[in-house]
Amino acid sequence: MNSIIVSALMGMVMMFSGIVTNSKQSIKNIAIAAMAVLLVAHLADANDIFKININVHGMLNFNRFGMYFTTLVIGATLLYTIISGDEVVKVGANSADYFALIFFVLTGVSILASYNNLLMLFLGIEILTIPLFVLTGSDKKNLKSNEASLKYFLMGSFSTGIMLMGIALYYGASGNFNIDVNRVANEPVNSGILIPLGLLLMFIALAFKVSAAPFHFWTPDVYDGAPTVFTSFMATIVKAAGFIAFIRLFESRSADMGVSWTILMPVIIIATLLVGNVTAVFQQSVKRMLAYSSIAQAGFMLFALVGLNDVAKEGLLLYTVAYSIATIGIFSILLKMKDYTFEGYNGLAKTQPLLAFANTVFLLSLAGIPLTAGFFAKYYVLAAALKQDTSILWLVIVALVFAAISAYYYFKVIQAMYFKDGEAAVSEIKPSFKLTLLLLAAIIIIVGIFPTVVFNWFYF
Amino acid sequence: MISLLLILIPLLGGLITFVLKDAKTAKNFALAVSLVTLAVSVFSVSGAAASQLQYDAAWLPTFGSRFTLQLDGMGKMLTLLTAISFPVVFIATYNNEYKNAHQFFALMLLTQTGLTGVFAAADVLLFYFFWELALIPVYFLASIWGGEKRIQVTFKFFVYTFLGSLLMLAGIVYMYYHNPEQSFALSSFYKIQLTGAKSGLVFWLFFIAFAIKMPVFPFHTWQPDAYEQSPTAVTMILSGVMVKMGVFAVIRWLIPVFPQNAAHFSNIIIILSVTGMLYASFIAIKQDDLKRLIAYSSIAHIGLMCAAIFANNTTGLNGVMIQMFNHGINVIGLWIVANAIEQQLGTRKISALGGLAQKAPTLAILLVVLAFANIALPLTNAFIGEFLMFNGLFTYNVWAAAIAGVSIILGAVYTLNMVQKVFYGNTNTVTENAVEISGNVKWILIVLVLLIIILGVYPQPVFNLTGDTIKTIFNK
């Protein structure tokens with residue numbers, strides 16, 4: 001509960017800080033401090049030191065998994081604010097408001113990590129996405145940014161409508177908004193077509209949020225059009241939040257969908273992997289490549305939904321850490337580049353060896369090479385699916401073939417940085433930026449060797 | 001503890017080399033590190049107690065995977081081969097100039113770490129870890145310091161092997177969930193009895209990964225290009241040690257885990273291997289580039305090893321064991337000669353060379369011994385290995401042995417042809433000013449040639465060393 005309330009409060013603090021000071025530097029520092037306060041408040045909650053208690057009548061359920069997920073998300077956002085805060089304030093005049101919106105997004109994430117009631121799911125999704133519409137269009141003078149914002153808004157409201165329809169059908173059949181209804185009896189609600197249909201509609205709406213094919217069409221345009229610094233936030237933290245919403249709902253309810261669930265998942269996964277990986281291969285711009293790569297990565301995260309067991313939950317946590325940190329790092333370096341095409345990276349290893357090294361670690365992690373967190377992230381989600389049902393081996397093989405394809409476009413950046421000649425133009429790099437970048441790379445490698453450090457805290 | 005040292009010394013050495021900015025210091029330091037590793041490795045083979053060769057530590061406790069290292073006979077032999085190869089390579093290419101030399105040597109030492117880990121790992125997840133780890137530094141080495149077409153060629157090599165390892169990963173996870181002990185340990189993997197149609201699929205997932213690495217026809221297409229484009233020091237490691245990863249993995253992780261499938265599919269695999277032997281030998285005859293010739297000849301040799309493994313008898317496997325070691329020595333020797341010629345004359349084209357024996361008689365003598373070893377004449381180390389492998393193949397199927405035998409003749413054709421064209425005949429404008437090889441190359445070649453002759457006359461130590469591995473496999 002702490003994280004929901006404190007993040008909303010901090011959002012308001014940020015809004016008012018814009019009145020008090022005009023200095024972008026101090027606004028950024030306030031944001032970092034506020035984020036740290038939020039993290040501390042949440043940790044106090046998770047460790048039973050200090051809890052704000054409000055009777056929510058069972059609409060929220062703060063279990064260990066959700067709490068831990070929220071910790072990771074807030075931690076990742078803190079790192080994001082530290083490494084990319086300078087770029088956030090540069091986007092436009094209302095820098096304090098951008099941070100406020102980021103805090104409101106975190107409120108949405110906290111609700112999604114703990115909802116137990118479909119109304120809360122709806123509320124969480126809305127609190128999460130409305131600030132994002134604004135952030136996407138925050139570069140007001142840029143036509144692409146405006147277009148992206150409008151597109152995102154229209155598609156987003158459309159998918160919300162579908163979700164509401166699904167919730168209505170579910171309510172109509174079960175007479176209850178709670179997702180753990182009947183869980184005690186441990187048998188599916190037997191009420192004909194309505195519940196499966198309702199769940200299917202909710203599935204579609206959530207698939208839209210995590211940009212799973214064939215509901216991904218908004219992703220490349222929105223990610224490309226939005227200011228790069230916010231793309232980084234959307235592609236990582238927001239996407240992970242979509243998955244937590246997914247897993248909370250279908251962990252208990254996938255049985256209601258019966259056979260259609262076992263048909264639906266492979267189809268969605270293969271479509272997502274195919275679209276993401278194959279299209280990413282043909283991109284000229286690194287930013288657009290990352291947009292498609294985020295679709296491809298979503299395809300792997302969906303394996304956690306095939307598994308829906310303990311390993312799957314661990315896998316999702318690990319994937320959140322590995323993918324978010326690597327992507328935040330890559331975007332923070334992209335933000336320093338003058339030229340967003342692959343050629344723009346030519347010779348970066350000579351001009352900025354440290355940036356090139358960190359970028360390589362992040363890219364290797366996304367490609368899933370051992371010794372990086374990305375390997376174990378992929379390993380866990382795939383193992384989760386196989387643990388559930390070893391006859392799914394064929395799907396795992398298909399996914400791994402796509403993982404090999406993904407190496408192609410990730411390594412294109414490495415090739416440009418190390419093996420091609422050129423003078424990669426970068427804007428000014430502060431020592432503190434380099435230090436944070438090294439910290440991110442160190443996290444990736446440490447988690448890549450001892451993935452269990454992530455869960456030891458989870459189980460402690 | 002010894003096995004851990006074999007991994008830690010090159011790892012730490014490599015990391016330190018990264019910060020040594022001076023090229024000369026980095027080079028000497030890397031050489032010193034590799035010599036220390038060699039000393040430890042020699043001790044592991046000669047005097048270490050079995051308990052010293054094991055190392056076990058918790059790694060992923062919730063997961064059934066431990067950091068377990070263990071050196072049996074085959075492991076000791078291959079870590080020794082690795083430990084010998086690196087100082088040999090460093091000394092033989094001592095005069096080669098590299099830009100950013102400290103990075104080059106650091107990456108070389110990291111490669112050694114990965115290779116040693118592969119040979120020592122006794123936990124399948126750890127094995128996978130090192131298997132991939134050996135690839136990454138090699139990818140950078142070949143892409144940064146390689147030839148003109150290095151970027152595409154190395155990337156092809158990378159994607160090929162990466163795809164193979166990912167398939168293996170799917171197989172590993174599948175096996176894990178069929179393991180009642182919920183463990184990745186080697187000993188527990190050996191107990192899994194996989195049956196049914198799926199076991200065949202999983203067998204192929206593993207085999208394709210290993211076949212790409214060896215490489216076995218038709219998965220070999222990355223190899224000649226990669227050998228040609230890589231800097232010679234890297235090519236030596238690739239062909240001398242890295243391809244042994246594939247052969248080793250088949251013996252350690254495939255045959256004992258899937259004995260029925262191995263027997264069932266042995267026909268297909270032996271046909272592929274033998275086809276590859278002939279195919280590579282024919283192509284080798286047509287090659288004009290020294291490096292490509294050695295590359296194709298290497299495919300032919302590996303094909304025979306793969307066929308002999310799947311012949312599934314003690315004789316053949318004994319041959320494979322000794323040949324793994326000897327092929328490493330011989331092929332590195334050949335690369336050293338190729339490197340010496342290229343460094344001095346600036347070309348590797350066989351047609352452009354000639355008459356080198358007049359200018360560099362020592363090199364010519366040493367090369368002739370290496371060439372004899374390459375075609376496995378008696379008294380050279382390769383003879384006993386090839387003899388046993390053909391013997392094993394003969395027991396399995398006479399026709400397979402007969403067809404594979406043609407490759408011996410073809411091997412003599414291309415090897416002797418090369419020796420003749422490069423070293424004999426008259427000198428031409430290119431070779432006119434050639435001089436004798438430098439001291440370091442000469443001495444290292446003499447050491448290799450001595451090894452060739454000693455092991456050719458008295459191979460028993462290798463059999464003693466690897467006997468326990470063969471016993472484990474056939475007693476299973």
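The values are calculated or read from the model by the stated rules, or taken from the named source; none is laboratory data. Source: prediction; values computed, not measured. Because the Cβ atoms are built from the backbone with ideal geometry, glycine has one as well, and the counts that use them run over all protein chains shown. Protein only, heavy atoms only, side chains kept; ligands, DNA and RNA dropped before computing areas. Shrake-Rupley method; radii C 1.70, N 1.55, O 1.52, S 1.80 Å.
Brief remarks on what is shown
- For region B:164-182, filtered to residues that are more than 7 Å from chain A (Cβ to nearest Cβ) and buried (at least 19 other Cβ atoms within 10 Å of the Cβ), the residue that is nearest to residue B:110 (Cα to Cα) is B:165.
- Unmet requirement for residue B:161, which otherwise passes all of (1) open to solvent by 10 Å² or more (accessible area, probe 1.4 Å); (2) part of a helix (DSSP H, G or I); (3) within 12 Å of another protein chain (Cβ to nearest Cβ); (4) not aliphatic (A, V, I, L, M): (1)
- Residues located in region B:184-200, provided they are open to solvent by 20 Å² or more (accessible area, probe 1.4 Å), within 14 Å of chain A (Cβ to nearest Cβ) and over 15 Å from residue B:253 (Cβ atoms): B:195, B:196, B:197, B:198
- Residue within region A:376-389 that is in a loop (DSSP other than H, G, I, E, B), open to solvent by 10 Å² or more (accessible area, probe 1.4 Å) and more than 9 Å from every other protein chain (Cβ to nearest Cβ) present: yes
- Residue in region B:47-63 that is surrounded by fewer than 21 Cβ atoms within 10 Å (Cβ to Cβ), touching a helix residue (DSSP H, G or I) at 6+ places or on another chain (Cβ under 8 Å), farther than 17 Å from residue B:126 by Cβ and not small (Gly, Ala, Ser) present: yes
- Residues satisfying the stated conditions in region B:1-57, i.e. small (Gly, Ala, Ser) and over 14 Å from residue B:105 (Cα atoms): B:3, B:39, B:41, B:44, B:46, B:47, B:48, B:49, B:50, B:51, B:57
- Search result, residues across region B:3-22 that are open to solvent by 20 Å² or more (accessible area, probe 1.4 Å) and over 22 Å from the mean Cα position of the chain (by Cα): B:12, B:15, B:16, B:18, B:19, B:20, B:21, B:22
- The set of residues from region A:112-130 being open to solvent by 10 Å² or more (accessible area, probe 1.4 Å) and either modelled with pLDDT of 90 or more or within 14 Å of residue A:11 (Cα to Cα) (or both) comprises A:119, A:120, A:122, A:123, A:126, A:127, A:130.
- Failed criterion for residue A:445 (all others in (1) over 23 Å from residue A:340 (Cα atoms); (2) within 10 Å of chain B (Cβ to nearest Cβ); (3) open to solvent by 10 Å² or more (accessible area, probe 1.4 Å) hold): (2)
- Among the residues of region A:222-273, just one is open to solvent by less than 20 Å² (accessible area, probe 1.4 Å), charged (D, E, K, R) and under 30 Å from residue A:86 (Cβ atoms), namely A:239.
- Segments classed as helices (runs of 4 or more DSSP H), wholly inside region A:1-110, with at least 1 members that are among the aromatic types (Phe, Trp, Tyr) and either free of Cβ contacts under 8 Å to residues at least 60 places away in the same chain or more than 28 Å from residue A:454 (Cβ to Cβ) (or both): A:2-20
- Exclusive hit being open to solvent by less than 10 Å² (accessible area, probe 1.4 Å) and either modelled with pLDDT of 90 or more or within 14 Å of another protein chain (Cβ to nearest Cβ) (or both), set A:369, A:325: A:369
- The criterion of at least 1 residues that are within 14 Å of the chain's Cα centre (by Cα) is met by the following helices (runs of 4 or more DSSP H) wholly inside region B:216-325: B:222-229, B:232-237, B:243-249, B:290-310.
- Taken over region B:142-158, the criterion of being in contact with a Ser or Thr (Cβ under 7 Å, 6 or more places away or on another chain), of a type in the set (A, V, I, L, M, F, W, C) and more than 8 Å from chain A (Cβ to nearest Cβ) is satisfied by B:142 alone.
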